[in-house]
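**Q** One structure, as structure tokens, below. Some questions next.
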Amino acid sequence: MGGARPWRRGRQVGPRGWPVSHYGPVPRFRVDRWSLQVFGATATGGKYSWSFDEVTALPRAAITTDLHCASGTTTLRHEFFGVPVSVLLELAPPAPDVTHVMAWAEYGYSANLRLSDFASDRTLMATHNNGEPLTAEHGFPLRLVVPHLYVCKGPKWLRGIEYMTRDRRGFWEERGLHNIADPWTEQRYSYQEDEHP
């Protein structure tokens, strides 16, 4: 818990409540058809899969963090509960030459991250927010939370992690958002990428 850096507002504004923002419809959860997959450049060369019940039986942790959206809003003091990414990395280790991951969600939505960002000790695959299960609109059954990056790097409705040996842009990155998306240096758009190597 704790460890969140205090937010300096800059261009961010604090909306009322927790806004719902996503591209496309809210998927319908079917527990019998749902699984979380890890694939790509795994250390074993194999593919890993967990059912919803298996995911919820994994070790859990809580983090408290603010959420920053590249569109300019910040919501404060979320307590997320779920499976630390460190657990996933231990169960399904990446190959030594993996540098990035692609987080895959419903409907083919994707977000690319550097392995170092994904492997942060505060990155969480969340099932709950503020003591309650995530709502469907906010990502139930599983949402990736990467507290130190803009929320576009933490897809709702997470379904898979692909280990990659080279970077590849995700959904919003292909449409002009910054490839790294660090809110502390306001890395919002791809045209800024030359400014922060």
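**Q** Rounded to the nearest 500 deg cm²/dmol, what is the calculated helix-only ellipticity per residue at 222 nm for the chain, with -39500 (n - 2.57) per DSSP H run of length n ≥ 4?
**A** Helix contribution divided over all residues of the chain: -1500 deg cm²/dmol.
**Q** Here is a further query. In nm, give the distance between the simple-model label positions of Asn130 and Tyr191, each being 7 Å from the Cα along the Cα-to-Cβ direction.
**A** 3.6
**Q** What ³J(HN,Hα) values, in whole Hz, does the Karplus curve 6.51 cos²θ - 1.76 cosθ + 1.60 give for region 65-80 when θ = phi - 60°, with x put for Gly and Pro?
**A** 7, 8, 10, 10, 9, 4, 6, x, 10, 10, 10, 9, 6, 7, 9, 9
**Q** Additional query: Starting at the first residue of region 105-111, write each ³J(HN,Hα) from the Karplus equation 6.51 cos²θ - 1.76 cosθ + 1.60 with θ = phi - 60°, in whole Hz, x for Gly and Pro.
**A** 10, 4, 6, x, 5, 9, 9
**Q** Mind sorting Val85, Val101 by how few other Cβ atoms lie within 10 Å of their own Cβ, fewest first?
**A** Val85, Val101
**Q** To the nearest 20 debye, what charge dipole does region 35-166 have about its Cα centre, counting +1 at the Cβ of each Lys and Arg and -1 at the Cβ of each Asp and Glu?
**A** Around 220 debye, computed over region 35-166.
**Q** Read phi for every residue in region 139-153 and hand back ³J(HN,Hα) as whole Hz from Karplus 6.51 cos²θ - 1.76 cosθ + 1.60, θ = phi - 60°, with x for Gly and Pro.
**A** Per residue, the Karplus-derived 3J(HN,Hα) values read x, 4, x, 8, 10, 7, 10, 10, x, 8, 10, 4, 5, 4, 7 Hz.
**Q** Kirkwood Rh over alpha-carbon pairs of region 18-99, then Stokes-Einstein at 4 °C and 1.567 mPa s: what D in µm² s⁻¹, rounded to an integer?
**A** Value of D from the Cα-based Kirkwood radius: 83 µm²/s.
**Q** What is the Cα coordinate range of region 56-197 on the first, second and third principal axes, sorted by size from largest, in whole angstrom?
**A** Cα spread of region 56-197 along its principal axes, largest to smallest: 42, 36, 28 Å.
**Q** Related question: Can you list residues whose amide H is under 5 Å from His78's amide H, if they're 5+ apart or on another chain and H is modeled 1.01 Å from N?
**A** Amide H to amide H, under 5 Å and 5 or more residues apart or across chains, His78 pairs with Thr65, Asp66, Leu67.
**Q** Hey, can you rank 28-38, 162-172 by average C-beta count inside 10 Å, highest first?
**A** 162-172, 28-38
**Q** Once the Cβ-Cβ distance between Lys47 and Asp121 is put in as r, and R0 is 22 Å, what FRET efficiency do you end up with, to the nearest 0.05?
**A** For R0 = 22 Å, the calculated efficiency reads 0.30.
**Q** Oh, and also: Ratio of region 105-185's C-alpha Rg to 2.2 N^0.38 Å, to two decimals?
**A** So region 105-185 has a normalised radius of gyration of 1.07.
**Q** With only alpha-carbon atoms counted, please give the Rg and Dmax of region 58-120, in Å.
**A** Radius of gyration, then largest Cα-Cα span, for region 58-120: 13.9, 37 Å.
Each value in this text was obtained by applying a stated rule to the coordinates, not by laboratory testing. Not measured: the values here are computed from a predicted model. Please note: Cβ atoms are built from the backbone with ideal geometry, for glycine as well, and neighbour counts cover all protein chains shown.
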